[in-house]
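See structure below.
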Amino acid sequence: MAFLITLGELRETAQQLANKPNDTTLPVAEWNGHISAYYGRAHTMVLGKGARYFETEFTLDLATLALPTDHRGTIGVDFITSCGARIELDELMVQDRDLFSGLTGTQARAWAVVGTNVQLFPTPTTGDYRLLYEPQPARYNTSVDSIQIDVMTTDGLDAITWGAASVALHRLQTDQSRALQENEDAMARLEDWAVRRSVTMPRRRQILGRNGRLSGNINGPWNPASWVYNR
């Protein structure tokens, strides 16, 4: 569940924490810039811990296979069948880059990110392919006050506002030690949340059925879908 706070509220909170309510010494654009910078730090830290909180889906244009403009990291590529089922494509390693060179096909089996584009192997001419990716953090320097920002948790709110307050206090040549400590503590709590959020996600494992054998294909991967047919 998103925790949405407007940019205006974030700036007002940061100004209050810095004991500068309705401050006009620093321009609004600068306050917004500090908030944007610390939002970016929190966003990037959460992604770096493996939490898929900001995961985004993008339909690939087969004519260009261009990555979305806010692409930061790739999670995977899925093929969507005519009945709506999803088939995960394998990622092709750099050592295998010439394996499907020059080949076209009706359905891609693998993918790789090269530069600012996705490459599909063999190259399909039709089909529905979805890129799952991590987006770059948005910038809010010139945004309107009413825009809503997902700060994730109350600790994310504290990390962003105390961080912005610390830079403002530095700019105003005022003691920033408490603001720095509060930001550091909030970031640590947010990191703990991000790690626990990731840890609770199921890992692939081998599950024994009632007969003591592996569920699904005994020689294949862990496949929860097979449980329906193997009871």
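Every number here is computed from the coordinates shown, using simple stated rules; none is lab data. The structure displayed is predicted, hence computed values, not measured ones. Positions of Cβ are backbone-derived with ideal geometry, glycine not excepted, and every protein chain shown enters the neighbour counts.
Some values worked out for this structure:
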quantity	calculated
Loop-located trypsin sites (Lys or Arg not before Pro) in the stretch 37-82 whose Cβ has at most 10 other Cβ within 10 Å (DSSP)	none
Cβ-based net charge around PRO68, under 13 Å, with every Lys or Arg adding one and every Asp or Glu removing one	-3
In the stretch 119-192, the trypsin sites (Lys or Arg not before Pro) that fall in loop regions by DSSP, at most 13 other Cβ within 10 Å	ARG139
DSSP-loop GluC sites (Glu not before Pro) across the stretch 30-111, with at most 14 other Cβ within 10 angstrom	GLU55
Ranked VAL195, VAL94, VAL113, criterion: other C-beta atoms within 10 Å, fewest first	VAL94, VAL195, VAL113
